[in-house]
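Data first, discussion second: the structure below is written as C-alpha cells.
The values are calculated or read from the model by the stated rules, or taken from the named source; none is laboratory data. Just so you know, these numbers come straight off a predicted model, no measurement behind them. Note that each Cβ is placed from the backbone with ideal geometry, even for glycine, and that neighbours are counted across all protein chains shown. These area figures cover heavy atoms from the full protein model, side chains too; ligands, DNA and RNA do not enter into them. Shrake-Rupley method; radii C 1.70, N 1.55, O 1.52, S 1.80 Å.
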Amino acid sequence: YITHIDAAERLDSRGKPTVQVIITTDRGAFRSLVPSGASKGDYEAIELRDADAARYQGNGMLRAVKNVQDVIGPELIAKKFDVSTQQREIDAFMCELDGSPDKEQFGANAILGISMAVARAGATARDLPLYAHLSSLAYRASKPYVLPTPFFNVLNGGVHSGNPMAFQEMMIAPVGASSMAEAVRWGSEIYSELKTLITSKFGKSAVGIGDEGGFAPPISEPHEALDLLIAAIKAAGHEGGVKIGIDPASSEFYNTDTREYDIGMKWDHSSPQSGEQIAALYHKILAEYPVVLLEDPFAQDDWSSWTIFNKNCAVELVGDDLLATNINRINMANEREACNALLLKINQIGTISESIDAAQRAYELGWAVFVSHRSGETTDDFIADLTVALGTGHLKSGSPCRGERVAKYNRLMDIEDDIKRRNLEHSFAGANFRYAYR
Ligand code: PGA
Ligand code: ZN
C-alpha cells in the first residue's frame with residue numbers, strides 16, 4: 001500500500017520547472033520526473049503551469065504540485081490500492097477524479113508523475129525490474145524481449161534550436177548493429193565525426209547543440225542536413241548499416257489560414273508551399289537518401305495531405321502531433337488511412353495505462369509504435385523500460401550526448417546486460433524495428 005505521496009517543483013533540461021513525485025510504500029520511496037515538450041500538439045493532455053508571472057516567467061508548476069499533495073495523493077492513499085496489481089485501477093481513478101477529457105483539472109503533469117512512480121513501486125513490490133513489470137501490465141510477459149533500434153537526433157532545428165533549419169529533427173538509426181550496446185557505439189562514433197565535419201565546414205563556434213543534444217549548424221535546406229549525415233556515417237565507417245529518420249514537426253511551420261508550409265521562415269526566406277508541393281519535396285528526399293521514417297511531415301489538421309501520402313507509402317509514416325498518443329485520434333487516423341505508425345509520448349496522454357492502451361491499439365491496426373522522449377527532459381529513464389516492455393522495436397531519445405538524453409540509452413544497455421545475465425529470450429530489433437513487436 002501507499003503510505004505517502006509527495007511532490008515538488010524541480011527543473012527539466014531546459015531549466016524550466018517540472019513536477020517530481022515521490023511515492024512511499026513499505027518497500028521504499030519511488031521517484032518520477034515528468035518531461036515537457038516545446039513543439040506541442042493541439043490535442044495533447046493539458047500540462048498545468050501556474051499563471052503567476054512573478055515566478056519562472058509564469059512557467060511554475062506549484063499548482064500541479066499542490067494537486068498531488070492536497071487532492072490526488074490523499075484520495076489515493078485512502079483507497080488503499082495495491083500498487084503491484086492495480087496500476088490500471090489507480091490510473092482510471094485519477095482520470096475520473098480529474099473529470100475532464102484532457103486532464104485540465106489536475107494537469108497531466110501531476111497525474112503522470114504519480115502514474116510513473118506507482119509503476120516503479122509496483123515493480124519493486126513484485127521484486128521485478130520495471131521493464132518486466134510493465135511487460136506484464138501490457139500482457140506481453142510471454143513474449144521475448146526486444147531491445148529497440150535507437151534513432152539518435154543528431155541535427156536539431158525547428159523550435160529546438162536557433163539555427164535557420166525548419167525541419168526539427170534529423171535522426172540516424174544503426175539498423176545494422178547487432179545489439180543495443182553496438183548501436184549506441186555507432187551512434188556516438190557518427191556523432192563525433194559529425195562534430196569534426198561541422199567544425200571544418202562552419203568553424204568551431206558552429207558546434208553548439210540544440211534542446212535534444214544534436215548539433216545546430218547554420219544550415220537551412222533539408223539536403224544540407226542530409227548530406228552532412230551521409231558524410232558523417234561514411235567517415236565513421238558505418239555506411240549501409242545506418243538509416244535516417246526525419247521529424248520536420250511541420251505543424252510548427254504550417255499556416256492554418258493559408259494552409260501552406262513555409263520551411264524558409266526561419267531564415268527570412270519565406271517560401272510558402274502547398275501540401276502537394278511539400279509532399280513532392282518529401283518524395284524527392286525519399287528517392288535520394290536512405291530515409292526509413294518520416295514523422296509529422298504534415299500538420300495535425302491537414303488530414304488530406306496525410307491520407308494521400310500514406311497511399312503505398314514505403315516508409316514508416318509516424319503521427320506525433322497528429323495522434324497525441326490518444327486512442328480517439330488513432331481511430332480517426334485509421335478511418336482516414338492517414339498514417340502507419342504511432343509516436344508514443346507518455347505525457348501527451350498522461351497515464352501509463354493509457355500509454356499502453358494506445359500502443360496496443362496501434363498494434364491491433366498493424367501499425368508500428370515509436371517511443372519518444374520530449375525536448376524538455378529529465379534524468380528519469382522510465383521510457384527505456386517502457387520501450388522494452390512494449391517491444392516497440394525503436395525509440396528516440398535525442399543525440400548520444402547530454403545527461404537527460406543518454407540516461408535512456410544507458411538504461412537500455414543496462415537492461416540488455418540484465419536480460420543476458422538472466423538468460424532471458426531476447427533480440428535486438430535492428431532493421432526489423434517496425435514490426436519487432438509481432
Ligand atoms: P517536443 O518535440 O518534445 O518539443 O514536442 C518532440 C517531437 O516533436 O517529436
Ligand atoms: Zn515529433
Which one of A338, A324, A333 is more than 18 Å from N153 (Cβ to Cβ), within 14 Å of ligand 1 (Cβ to nearest atom) and of a type in the set (G, A, S)? A324
Considering residues that are outside any helix (DSSP H, G or I) and not charged (D, E, K, R), the number found within region 355-394 is 17
Condition first: of a type in the set (A, V, I, L, M, F, W, C) and closer than 13 Å to N163 by Cβ. Now tell me which residues in region 192-232 satisfy that. I198, F202, A206, V207, I209, F215, A216, I219, A225, L228
Could you please let me know if T392 is surrounded by 21 or more Cβ atoms within 10 Å (Cβ to Cβ), hydroxyl-bearing (S, T, Y) and farther than 21 Å from I246 by Cα? no
Of the conditions (1) among the small types (G, A, S); (2) within 16 Å of ligand 2 (Cβ to nearest atom); (3) out of contact with any Ser or Thr (no Cβ under 7 Å at 6 or more places or on another chain), the single one that A173 does not satisfy is (3)
Among the residues that make up region 252-261, is at least one of them modelled with pLDDT of 95 or more, surrounded by 14 or more Cβ atoms within 10 Å (Cβ to Cβ) and closer than 21 Å to S192 by Cα? no
Over region 188-208, the set of residues surrounded by fewer than 15 Cβ atoms within 10 Å (Cβ to Cβ) and either touching a Leu at 6+ places or on another chain (Cβ under 7 Å) or among the basic types (K, R) (or both) is K201, K204
Would you mind stating whether E295 is open to solvent by 50 Å² or more (accessible area, probe 1.4 Å) and at pLDDT 95 or above? no
Can you run down the residue pairs with Cβ atoms below 9 Å, 6 or more apart or on separate chains, where the first is in region 423-434 and touching a residue at least 60 places away in the same chain (Cβ under 8 Å) and the partner is β-branched (V, I, T) and assigned to a loop (DSSP other than H, G, I, E, B)? A429/V175; A429/T392; G430/V175; A431/V175; F433/V175; F433/T392
Out of everything in region 145-174 that is closer than 22 Å to F298 by Cβ and touching a helix residue (DSSP H, G or I) at 6+ places or on another chain (Cβ under 6 Å), what residue ends up being farthest from ligand 1 (Cβ to nearest atom)? P164
Go through (1) away from ligand 2 (no atom under 16 Å from the Cβ); (2) open to solvent by less than 40 Å² (accessible area, probe 1.4 Å) for E75 and report which single condition fails. (2)
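Here is a yes/no grid of residues against (1) surrounded by fewer than 24 Cβ atoms within 10 Å (Cβ to Cβ); (2) in a loop (DSSP other than H, G, I, E, B); (3) more than 16 Å from ligand 2 (Cβ to nearest atom):
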residue: Q300; (1), (2), (3): yes, yes, no
residue: W306; (1), (2), (3): no, no, no
residue: C313; (1), (2), (3): yes, yes, yes
residue: L322; (1), (2), (3): no, yes, no
residue: N328; (1), (2), (3): yes, no, yes
residue: L343; (1), (2), (3): no, no, no
residue: N347; (1), (2), (3): no, no, no
residue: S353; (1), (2), (3): yes, no, yes
Residue list for region 87-100, restricted to those being touching a residue at least 60 places away in the same chain (Cβ under 8 Å) and open to solvent by 80 Å² or more (accessible area, probe 1.4 Å): R88
Scan region 330-341 for residues that are open to solvent by less than 10 Å² (accessible area, probe 1.4 Å) and over 15 Å from D42 (Cα atoms) and report the count. 4
If you check R63 against the conditions, is it within 18 Å of N347 (Cβ to Cβ), over 19 Å from the mean Cα position of the chain (by Cα) and in contact (Cβ under 8 Å) with a residue 24 or more places away in the chain? yes
Could you tell me whether any residue of region 18-25 is farther than 19 Å from F106 by Cβ, modelled with pLDDT of 95 or more, touching a helix residue (DSSP H, G or I) at 6+ places or on another chain (Cβ under 7 Å) and open to solvent by 20 Å² or more (accessible area, probe 1.4 Å)? no
Please work out if S84 is touching a Lys or Arg at 6+ places or on another chain (Cβ under 8 Å), surrounded by fewer than 24 Cβ atoms within 10 Å (Cβ to Cβ) and at pLDDT 95 or above. yes
If you go through region 239-252 one residue at a time, do you hit one that is part of a helix (DSSP H, G or I), out of contact with any strand residue (DSSP E or B) (no Cβ under 8 Å at 6 or more places or on another chain) and within 16 Å of ligand 2 (Cβ to nearest atom)? yes
Give K266, K195, K201 a once-over and let me know the one that is away from ligand 2 (no atom under 16 Å from the Cβ) and under 30 Å from D417 (Cα atoms). K195
Among the residues of region 1-35, count how many are within 30 Å of D127 (Cα to Cα) and part of a strand (DSSP E or B). 23
Within region 360-380, does at least one residue satisfy the condition of being closer than 18 Å to R88 by Cα, buried (at least 24 other Cβ atoms within 10 Å of the Cβ) and in contact with a helix residue (DSSP H, G or I) (Cβ under 8 Å, 6 or more places away or on another chain)? no
